Amino acid sequence: MNTTSSALAVRVDQTPALSVAACLFRGLGDPARLAILQHLTLGEHKVTELTAHLGLAQSTVSGHLACLRDCGLVSSRPQGRSSMWSLSAAPEILAVLAAAEGLLAATGDAATGDAVALCPRFGTDTAL
C-alpha cells in the first residue's frame with residue numbers, strides 16, 4: 001500500500017463524525033419516521049394527532065418520536081398533560097428531505113422508488 005492511500009485509510013470506529021451521521025440516517029431510515037417528519041413540517045403536533053394522521057398505534061408513534069429525538073431531529077415541549085412535537089432544525093431537515101427527493105428522482109421514480117435497490121448485502125427488494 002502506498003503512503004497516500006494508507007494516510008487516507010480511516011477506521012470507522014475512529015471517526016466520531018461517521019457515528020453521528022449514521023445516527024442521523026438511522027432516524028431517516030424508516031417510512032413511519034419519514035411520515036412523522038413530513039407531518040411535523042406543517043407545525044407542531046401532539047402524539048394523538050400524529051396517531052390519527054398516520055393510522056399507527058400510539059406506542060408505535062411514541063417509539064418513533066423517541067428515536068427521532070435521540071437522533072436530534074425532533075424536540076418536544078410540554079403543553080398541559082401532553083407534549084407538542086416539532087422539528088428541531090426545520091430548514092435543515094426540509095433541505096435533507098428535498099435532497100432525498102432529488103436523489104430519488106435522479107436514480108429512480110421518486111413516487112415509487114423504482115430502480116432504487118437495497119444494498120446487495122441486505123436484500124434485493126426495491127425501496128418503498
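What the table shows:
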quantity: G63 being part of a helix (DSSP H, G or I) and either within 14 Å of L97 (Cα to Cα) or touching a helix residue (DSSP H, G or I) at 6+ places or on another chain (Cβ under 8 Å) (or both); calculated: no
quantity: Within region 16-60, helices (runs of 4 or more DSSP H) holding 1 or more residues that are surrounded by fewer than 14 Cβ atoms within 10 Å (Cβ to Cβ), among the aliphatic types (A, V, I, L, M) and modelled with pLDDT of 95 or more; calculated: 47-54
quantity: Test: P91 is at pLDDT 80 or above and in a strand (DSSP E or B); calculated: no
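The values are calculated or read from the model by the stated rules, or taken from the named source; none is laboratory data. Everything numeric here is computed off the predicted structure, so don't read it as measured data. Heads up, the Cβs are rebuilt from the backbone with ideal geometry, glycines too, and the neighbour counts pull from every protein chain shown.
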